[in-house]
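What follows is calculated from the coordinates using simple rules that are stated; it is not laboratory data. As the structure is a prediction and not an experimental result, all values here were calculated from the model. Glycine gets a Cβ as well: all are built from the backbone with ideal geometry, and neighbour counts include every protein chain shown.
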Amino acid sequence: MDPRGNLYVPHAVDIRDNLKKLFTFAKEHEIKILSSIDAHTVGDEEFQHFPPHCVKETEGVQKIDITKCKDSVVIENIKQPITRSLLNRQQIIVEKQSLDIFDNVNTDNIVRSLNIECCVVFGVATDYCVKAAALGLHKRKYTVYLVTDAVKPFTSVGEKVALDTLRSAGTIFISTDAVLEEDYQQRFK
């Protein structure tokens, strides 16, 4: 999200306004936010395919301010009980060491415990982490909305493949403005 970062997604700064709108909407309507952060250690397998990035205990692992809630908790990739106290937080941030949020041993339990039917997915990168998250949610039988003006890919070819794959999986494509419309608001409560 930051052009100064080691693994900047091209044009990611262009979606910041929409990310801010979506986070503001979720906060105002008390919608739970499940986020992820890469939290790598030196030598992680992902560094065979991507340059070192988001290394634990560095600035690079931090979420940008517009995608953080004051009432948040970070869940490491170590099996732990998913308590009511944790689930009552506005934002649950799951650490991951791969492209897939469901590779964190706690994510399945968190998602199930949130008692949700649909998920609104956005962020970076469309052709990697976003695609993996959406497909993981489909696999678990959730309705998935992809906010197309709040995602950015590494490559246009990767984006096309990802969007085609997600469309085939049943993802509903939606805009930020549509998420904010009153008739959609009831779906996301």
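Overview of values
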item: Helical mean residue ellipticity (222 nm; -39500 (n - 2.57) per DSSP H run of 4+; nearest 500) of the chain; result: -8000 deg cm²/dmol
item: DSSP-assigned coil residues among GluC sites (Glu not before Pro) in segment 1-98, each with at most 12 further Cβ atoms within 10 Å; result: GLU30, GLU57
item: Segment 33-115, relative contact order in percent, only Cα pairs under 8 angstrom and at least six apart counted; result: 35 percent
item: Distance in nm between pseudo-label sites at TYR142 and VAL161 (7 Å out along the Cβ direction from Cα); result: 2.5 nm
item: Length-normalised contact order for the chain - Cα pairs under 8 Å, 6+ apart - percent; result: 22 percent
item: Size of electric dipole in the chain: Cβ of Lys, Arg +1 and of Asp, Glu -1, about Cα centre, debye, nearest 20; result: 500 debye
item: Hits among lysines - C-alpha to C-alpha of LYS68 under 26 Å, sequence gap 8 or more where chains match; result: LYS20, LYS21, LYS27, LYS32, LYS56, LYS79, LYS96, LYS131, LYS152, LYS189
item: Sorted by Cβ density within 10 Å, fewest first, the residues PHE25, PHE154; result: PHE25, PHE154
item: Proximal charge balance of LEU180 [Cβ under 11 Å; K/R count +1, D/E count -1]; result: -4
item: [x] 17.4; [y] 19.0; [z] 16.9, with the label sought being that of the calculated Kirkwood radius over Cα pairs in Å; result: [z]
item: Net charge of Cβ neighbours under 14 Å - reference ASP164; Lys, Arg +1; Asp, Glu -1; result: +1
item: Amide H contacts under 5 Å for VAL74, placed H, 5+ residues apart; result: ILE93
item: Segment 70-118 - percent relative contact order, Cα under 8 Å, separation 6 or more; result: 39 percent
item: For segment 33-115, convex hull of alpha carbons as volume per residue, Å³; result: 97 Å³
item: C-alpha center-to-center spacing [segment 126-149, segment 27-51] in angstrom; result: 15 Å
